[in-house]
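What follows is a single structure, written as structure tokens, with notes after it.
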Amino acid sequence: MALLFLFFGRSAARKALQQAAKGDSPFASLESSNQTAALLRRLGDKEGEAAAMLFGVAEARLEQGNGLEAQGAARRAQELFRQLRHRRGRLAALDTLTRSLGLDTLATLQATEEELNLFESEQDIAGQVSAYQILADAYIARKIYGEARSALRKAVDLLKGTAAAELEGQTLLLLSQVEDFMGGTAAALKSAEKALIAAKSSKAGALVTEARRVVSRLQTKSGHTEQAPNRRDALEALRDLTQATRRRDADEFKAAMARLEDLSGYTDEDVKAALIIEDDEDQVGLVQFLKKHQQTSGGAPISKSRSSGSMVMTGMSHALLYLSFRMGGLGYGPRFRRCYGYRVEGEEAVHGVAYLRLLSSQEEWGRRMETQPPILDSMQHSLNAIELAGMEMGTA
């Protein structure tokens, strides 16, 4: 490795920067990284030395859990990249430095603000925006969402009127995520819609896809599912899911599930409705098919861009619960029963009463239950009512 940098220092440094951007380290060990940095320092190759210090020494020290040594290497690389006016190198050094500082929020703020001030003095808007993003990431890691939102809003303001549409879209999406974490769904939706406009302007396909998904999710969360950009595609995927379930086609079923996971623009009730096939003559086979795929899909990884569990799996769970109750002849849903908890004055015991209520609008299979009362169902809900009544009495 040392000989490689001795003869190809500059080109190797560039390659190191490219590989680091992909998450790969070109350095085999801490020792070789130190040797490489020392050789390049003697040769006067600042870019190569900085790359060796940052992507070799600093990262190796972080893996060892030695944050103090990692800070020293990152600061040396940062100094060299500053001398070279190397924006990407400076940002990479800042990112490594903030990670090496751990939970030292004050030091992280000072390091980021220092780099921000330098970028500002150089009138480097892209550098300032990227530094604000690093600062926001640091705040998010510490769950200080208000400050993260403030940093991202400053970044968005800097980008107004510039041609950096893709960077603006990325920043707005991150801002939308933070606003959603803080419970501001309306603000998050507004930011996501702006991100979608910027993404379309930049013609960055992957960014457009992600922005559409986020807007669709937030429209659904706001109760406006029909306005979701991905609604039409989601309905088509739901139809495919129904057909795959009807045919018991495992491959088509998995493909439809994966497509839904990537889309958003639907609710768990939509998924439940797609999986409850009333005219399927083999209800037992239907339940077995769904249970099999619930087990195989339950541990599947979910995209990191998804902020909370899988709506598809939630809908499938609800469908299975409904079908299982139906097959067992038990009541499903609050319209089938009424439960009350009560306590007789002077007695310590809490009692529960549950009875089956048959509605004229109920399906035929439900009406037939008058000759087969759902004893187990009533008992379970009576116990729930008793427990609830007991808790209420205890807190009164």
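Where a number appears in this text, it was derived from the coordinates with a stated rule and is not lab data. This is a predicted model, so every value here is computed, not measured. Every residue, glycine as well, gets a Cβ built from its backbone with ideal geometry; the counts of neighbours run over all protein chains shown.
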Problem set entry | Radius of gyration, Dmax [the range 151-200; alpha carbons; angstrom] | 10.1, 31
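Assuming a ≥ b ≥ c are the square roots of the Cα gyration tensor eigenvalues, decide whether the range 78-158 counts as rounded (a/c under 1.5), prolate (otherwise, with a/b larger than b/c) or oblate. Walk me through the intermediate numbers first.
Details: a/c = 2.28, a/b = 1.26, b/c = 1.81.
Oblate shape, in that a/c is at least 1.5 and b/c is the bigger or equal ratio.
What shape does the range 56-124 take by its C-alpha gyration tensor, where a ≥ b ≥ c are the square roots of the eigenvalues and a/c under 1.5 counts as rounded, a/b above b/c as prolate, and the rest as oblate?
Numbers: a/c = 2.87, a/b = 1.48, b/c = 1.94.
It is oblate, given that a/c is not under 1.5 and a/b is not larger than b/c.
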Problem set entry | For the range 36-47, 3J(HN,Hα) per residue [Karplus equation, 6.51 cos²θ - 1.76 cosθ + 1.60, θ = phi - 60°, Hz, x = Gly/Pro] | 4, 4, 5, 5, 5, 5, 5, 7, x, 8, 5, 5
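Does the range 2-184 come out rounded, prolate or oblate by the C-alpha gyration tensor, with a ≥ b ≥ c the root eigenvalues, rounded set by a/c under 1.5 and, if not, prolate when a/b is larger than b/c and oblate if not? List each step's numbers first, then the result.
Working: a/c = 2.29, a/b = 1.70, b/c = 1.34.
Because a/c hits 1.5 or more and a/b exceeds b/c, the range 2-184 counts as prolate.
Quick check: residue separation of ALA273 and GLN295 times 0.36 nm, minus the Cα distance between them. What number comes out in nm?
5.9 nm
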Problem set entry | Cβ-defined net charge surrounding ASP137, 11 Å radius [Lys, Arg +1; Asp, Glu -1] | +1
For this session: Take the Cα of ASP282, step 7 Å along the line toward its Cβ, and report every residue of the range 246-260 whose backbone nitrogen sits under 11 Å from that point.
Result: 246-249
For this session: Starting with the highest mean, order 168-180, 228-240 by the number of other Cβ atoms within 10 Å, averaged over the residues of each peptide.
Result: 168-180, 228-240
Problem set entry | Separation of the GLN227 and ARG88 label points, Cα + 7 Å toward Cβ, nm | 4.0 nm
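Please give the peptides 91-104, 207-220 ranked by average Cβ packing (other Cβ atoms within 10 Å per residue), highest first, as a rough proxy for protection.
Values: 91-104: 21.0, 207-220: 22.9.
Peptide ranking by packing, descending: 207-220, 91-104.
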